[in-house]
Every structure is written in structure tokens, then in C-alpha cells.
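Chemist: First, the structure itself, so that you have it in front of you.
The values are calculated or read from the model by the stated rules, or taken from the named source; none is laboratory data. This one's a predicted model, so the numbers in the text were calculated from it and none came from an experiment. Cβ: placed from backbone, ideal geometry, glycine included. Neighbour counts: every protein chain shown. Ligands, DNA and RNA are excluded from the accessible area calculation, which covers all protein heavy atoms including side chains. Shrake-Rupley method; radii C 1.70, N 1.55, O 1.52, S 1.80 Å.
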Amino acid sequence: RFAIHARGQFLNDNLAVPAKPAGEKSDSAAPPLSLAGNPVEFTISAEGRAEKIAGLDSLTPEQLQIWQEWLARFAVAWAIPSSRAKIGDKWKVEQPEPATSPIAALSWARDTYYVRNEPCRPAQLSRSGEASFSNGPMDNCAVLLTSAKLVQKSSPKDATPEDFKLHQLKTMGTAKGSNEVITYISLTTGLVVRATEDATQQMDVVVAKADGSNSVHYNLEAKSDLEVLLLTEAQGPPPH
């Protein structure tokens, strides 16, 4: 286990033009990738905590969500309880929900199972942002399956977070969710080579003034599919 200090930066700063999936060819020539936007610097401690984060305030809401999802997948290796974990091991982790919510005391209960080892290697990123299968050397990855449930420890009759109380508000309701994540971690480097996540979340909440004079009812449901790939930069054509 080691601490890491890193800097991350978006490419092209254009969320409307995502990278092509591995193996899919582009229909038109895309502009070359370039660094754009302000960087985010952060540290992941040896205990797996994200610390000393600087630059988040310069991101758009969409970029912030992408960055948080990427960090959660990137740092998953730190959540393994032992470097001597072996195939068949299972472990449980409970983590508080980091996002602001009108429902207090939410946490994720995660059950992880070390399924098997499997050959793997990073995908390759072209200069135009297309991901393709790499011809580089094969690695060996640990394959982990994580099932997570969103747990509400506050009462549905009074689920008010402290920051809502400061604004003379009261909340009532429930939140629930489930995620399934498959992660491939290199046994050579400890880095995540690939991760896929299927997630569903629901929230049914009433936000009211503390004196009961006014209220709003929200009933929300969200689903998402996420894939994170470790990419290596493709070599350009040889100089003439």
C-alpha cells in the first residue's frame, strides 16, 4: 500500500464528443486530442482516502460527476483488505455517501468477491480519441465482483440533514439504490485496467419548511452504466 499524488486533466474539454468504444471505428476524422480545462490535483493516502484535492471548483457539474466516478474506480485497489487476498476471498466495506442529499445518514454497504484471475491489458488511445484493442504485452488481472446497497440510517419520518436544519427546513422520505461493479486490477502494477458499473437509485422525499407552511415533493429514479478503461497512448506514424 502506498500513497500517490497525481494531477488529472480533461482532454479537449468537450463532453459532447466521447471517446469511441474499443474496437469501434470512427465515421469521420476527429480533431487531435489536447489538454483543456483546469487540472485537478489530489492525493490518495495509503489508507485509501482522497485528500488535498484542489481544482474541483473549476469543473462543470458534468465534469465533477465524471471525475468523482473515475476516482472511485481508480482507488478501488486501496479498498482491498490485504495484499495477500486470494481467489475466493470475500470482504465487506461500509462507506458514507459523499454526495449532498436531502436524506441524512446514507451509506453504501459493499460486498466484494475475488472471482478469478484473467489475462488483460490496457486499451490503446489514438490521437483522435478512439479506444481500440492494444497489441501490447498481456498482463494478468484479479477480477473482483462488488455488489453495493444504499442504506438509510435516518428515520423516514425525519430524515433532515444538519445543513437543511440550518436553513429551517425539514425532510421526510426514503432513498435506496444498488450497484454492481466488475473490476479488473493488474497483479503487476495494482492499477485498475477496466471497470464496469450498473447502478440504479431511487429517492422519494418531501422538503418542507420547519413550521410546515410550505413543502415540495420529489420522486426521482436514476439509472447509469459506466465503463472505465486504462488507456495507453498509441504511437504515431514514424517520421519521414
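Chemist: At 1.4 Å probe size, with the rest of the protein present, what percent of the exposed accessible area of region 84-235 is carbon and sulfur atoms?
Modeler: Answer for region 84-235 is 53 percent, counting heavy atoms of protein chains only.
Chemist: Here is a further query. May I ask you to evaluate 6.51 cos²θ - 1.76 cosθ + 1.60, the Karplus curve with θ = phi - 60°, for each residue of region 201-206 and list the ³J(HN,Hα) values in order in whole Hz, giving x for glycine and proline?
Modeler: These are the phi-based 3J(HN,Hα) values: 9, 9, 9, 10, 9, 10 Hz.
Chemist: Would you kindly find the accessible area of residue 10, with a 1.4 Å probe and non-protein molecules such as ligands, DNA and RNA excluded, rounding to the nearest 10 Å²?
Modeler: 40 Å²
Chemist: Moving to a separate point now. Could you give the dipole magnitude of region 84-235 about its Cα centre, charging the beta-carbon of Lys and Arg +1 and that of Asp and Glu -1, in debye to the nearest 20?
Modeler: Roughly 400 debye, rounded to the nearest 20.
Chemist: Additional query: Order 121, 73 by their accessible area, 1.4 angstrom probe, all chains in place, largest first.
Modeler: Greatest to least solvent exposure: 121, 73.
Chemist: Run the 1.4 Å probe and let me know the accessible area of residue 149, rounded to the nearest 10 Å².
Modeler: About 120 Å², rounded to the nearest 10.
Chemist: Next question, about the same structure. Could you report the accessible area of residue 178 in Å², rounded to 10, computed with a 1.4 Å probe on the protein chains as they sit in the structure?
Modeler: Using a 1.4 Å probe on the heavy atoms, I get roughly 40 Å².
Chemist: When ligands, DNA and RNA are left out and all protein chains stay put, how many square angstrom of accessible area per residue does region 102-231 have with a 1.4 Å probe? Numbers along the way, then the final one.
Modeler: Details: 7300 Å² over 130 residues.
Per-residue value: 56 Å².
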